[in-house]
Amino acid sequence: MDFLGFDDINSLKDWVAQARKLKNAPLRYQELGAGKTIGLLFFNPSLRTRLSTQKAAQNLGLNCIVMNFDKEGWALEYLDGAVMDQGKSEHIREAAQVISQYCDIIAIRAFASLQDRERDEAEVVLKGFQEHASVPIVNMESSTAHPLQALADAITLDENDLNEKARKKVVLTWAPHPKALPHAVANSFVKMMKQQDVDFVITHPEGYELNPEIASGVQIEHDQNKAFENADFVYAKNWSSYNEYGKVISRDPTWMVDQKKMALTNNGRFMHCLPVRRNVVVSDEVLDSETSLVIEQANNRTYSAQLVLMKILESMKGQ
Ligand code: SN0
């Protein structure tokens, strides 16, 4: 069993319930991973993903090997038939097979380049490992998806009564950022929201439309203030343009989430995957207030990762 994207979750409701149970007794399955090893390969920086996945592995008794592949590994070639007389030292074919001998599970972080949409959408790194490794593969944020974050967000929303009483309103808002950022977090959040019984609205400036295949059927509101009206949850995230691929076409500071905007909501809770640029994406006031769920979201990364690793370990039993 691989965990590559949100579509690998067969029942979100069940998975969230199982993760919440796991959170109450995280050390109950310490035998499950005994004698097995997970390798975490990072092609990009990480704080939460690295530490929470390592913690999740430890909770399951797994050994954990971590490698900053971008800095410490050989530059990998992914193209079949390549004549490797340039900068790339090793082909994914050997690398994936070799790592499969040391690790029973391989988890990979490989962000979008934001240079070449076709290459990013082909998920060259994740798919390269999937094709050539002989062990299960876990996505720790690829070019187009961050399913472990979206699962953690689903847990956080559920803990904060998303599914209690009256139907809730959730808003995903684009927010300004100095750098061009990937679409992965937004994509997986949208996929997750599509499986929830809520009113879901995306708000962004014109030109920041997400991949239409992912956002199809979702209500889009270009007036951010209007979108915030009566919202129970506001999830902020920056992403670069999809149509003008990887470009920053606006840094409009009026899109920052501040107290004035949160006052339009129904005592709404603020969410962000972190890391977050203070006073650019969200004001100190909001981030430091009781309405913010960002620290809980980060905590739930451990249990989303642990649930996924548990399911993979269970699927390996008797093989
Ligand atoms: C990443 C992203 O996909 O947006 C990871 C989020 C989990 N975020 C960043 O790269 C932020 C970098 C910055 O300099 O603020």
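The values are calculated or read from the model by the stated rules, or taken from the named source; none is laboratory data. These numbers come from a predicted model, not from an experiment. All Cβ positions, glycine included, derive from the backbone under ideal geometry; neighbour counts span all protein chains shown.
A few points about this structure:
- Elements of type helices (runs of 4 or more DSSP H) contained in region 173-246, each with 3 or more residues being farther than 19 Å from Ser143 by Cα and of a type outside the set (Lys, Arg): 224-228
- Among residues of region 213-258, those that are on the phi > 0 side of the Ramachandran plot and within 15 Å of the ligand (Cβ to nearest atom), counted: 1
- Some residue of region 151-161 being part of a loop (DSSP other than H, G, I, E, B) and surrounded by fewer than 19 Cβ atoms within 10 Å (Cβ to Cβ): yes
- If you go through region 103-124 and keep only what is away from the ligand (no atom under 15 Å from the Cβ), of a type outside the set (D, E, K, R) and not in a loop (DSSP other than H, G, I, E, B), you end up with Ile105, Ile106, Val124.
- Test: residue in region 47-59 that is in a loop (DSSP other than H, G, I, E, B), in contact (Cβ under 8 Å) with a residue 60 or more places away in the chain and touching a strand residue (DSSP E or B) at 6+ places or on another chain (Cβ under 9 Å): no
- Asp223 acidic (Asp, Glu), modelled with pLDDT of 95 or more and closer than 16 Å to Ala175 by Cα: yes
- Of all residues making up region 125-146, the number that are within 20 Å of Leu313 (Cα to Cα) and either outside the structural domain of Ser11 (by TED's automatic domain parsing) or within 11 Å of the ligand (Cβ to nearest atom) (or both): 1
- Hey, Val185 in contact with a Cys (Cβ under 9 Å, 6 or more places away or on another chain) and within 16 Å of the ligand (Cβ to nearest atom) or not: yes
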